[in-house]
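Novice: Below you will find the structure I want to go over with you.
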Amino acid sequence: CYIFRLQLSILTDNSLKFQTLLNKAKKMTKGVPYERFKINIIKELPKNIIKIGFSIKASLNEKDFSKFIENNSKPIALLFGDEKYGLTQETRDKLDLIFKLTNENKKPLRASHALSYILGFYEKSLI
């Protein structure tokens, strides 16, 4: 999000636990001036936002995602799970749309790779 100058909001109901994990991640990350990069920790998303997630088990695919991006004018939130387990079932149940990225069925993309991948769809829709 820092590289692409996107807003980063972390959706969590346990901000103390998350803050510990965030501090650990900051120590491992080089070159990000966190004093200038605001990270919002939120408990819920605004009601008017379309919630989009990504799952290896989704029935909609990247072609569907591309069509959605081309035809959508409402604000969206892109939700990614953690690197090991992905989105929880509870979170997936709250999403408006879930898309599968790539044809891989065994090993999903890492969250950072998935974000870069879908930003390519946005770039394509802007051209």
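The values are calculated or read from the model by the stated rules, or taken from the named source; none is laboratory data. Everything numeric here is computed off the predicted structure, so don't read it as measured data. So basically every Cβ, Gly included, is an ideal-geometry build from the backbone, and we count neighbours across all protein chains shown. Keep in mind that these areas ignore ligands, DNA and RNA; they rest on the heavy atoms of the full protein, side chains included. Shrake-Rupley method; radii C 1.70, N 1.55, O 1.52, S 1.80 Å.
Novice: Can you list residue pairs whose Cβ atoms sit under 8 Å apart, with the first residue in the stretch 25-39 being without any contact (Cβ under 8 Å) to a residue 60 or more places away in the chain and the second being aliphatic (A, V, I, L, M) and in a helix (DSSP H, G or I)? Count only pairs 6 or more apart in sequence or on different chains.
Specialist: Ile39/Leu22
Novice: Which members of the stretch 93-112 meet the condition of being open to solvent by 60 Å² or more (accessible area, probe 1.4 Å) and either modelled with pLDDT under 85 or outside any loop (DSSP other than H, G, I, E, B) (or both)?
Specialist: The answer is Asp93, Lys94, Asn103, Glu104, Asn105, Lys106, Lys107, Pro108, Leu109, Arg110, Ser112.
Novice: Is it the case that Phe37 is part of a loop (DSSP other than H, G, I, E, B), within 20 Å of Gln7 (Cα to Cα) and of a type in the set (Phe, Trp, Tyr)?
Specialist: Yes, satisfied.
Novice: I'm trying to understand the selection: among the residues of the stretch 113-127, which are open to solvent by less than 50 Å² (accessible area, probe 1.4 Å) and either touching a Lys or Arg at 6+ places or on another chain (Cβ under 9 Å) or farther than 18 Å from Tyr2 by Cα (or both)?
Specialist: Selection gives Phe121, Ser125.
Novice: Go through the stretch 43-56 residue by residue and tally those that are out of contact with any Gly (no Cβ under 9 Å at 6 or more places or on another chain) and open to solvent by 40 Å² or more (accessible area, probe 1.4 Å).
Specialist: Summing the residues that are out of contact with any Gly (no Cβ under 9 Å at 6 or more places or on another chain) and open to solvent by 40 Å² or more (accessible area, probe 1.4 Å) in the stretch 43-56 gives 6.
Novice: Got a number for residues in the stretch 47-61 being assigned to a loop (DSSP other than H, G, I, E, B) and of a type outside the set (D, E, K, R)?
Specialist: Result for the stretch 47-61: 7.
Novice: Part of a loop (DSSP other than H, G, I, E, B) and in contact (Cβ under 8 Å) with a residue 24 or more places away in the chain: does that describe Glu44?
Specialist: When the stated conditions are applied, Glu44 passes them.
Novice: Right, another one. Going by the structure shown, is Leu78 of a type in the set (A, V, I, L, M, F, W, C), over 19 Å from Ser116 (Cα atoms) and not in a loop (DSSP other than H, G, I, E, B)?
Specialist: No: the conditions fail for Leu78.
Novice: Of all residues in the stretch 1-34, which are part of a loop (DSSP other than H, G, I, E, B), open to solvent by 50 Å² or more (accessible area, probe 1.4 Å) and under 25 Å from Ile118 (Cβ atoms)?
Specialist: Listed by number, the residues that qualify are Tyr2, Ile3, Phe4, Arg5, Leu6, Gln7, Thr29, Lys30, Gly31, Tyr34.
Novice: Name the single residue, out of those in the stretch 59-88 being over 12 Å from Pro108 (Cα atoms), touching a Phe, Trp or Tyr at 6+ places or on another chain (Cβ under 9 Å) and open to solvent by less than 30 Å² (accessible area, probe 1.4 Å), that is modelled with the highest pLDDT.
Specialist: It comes out as Phe65.
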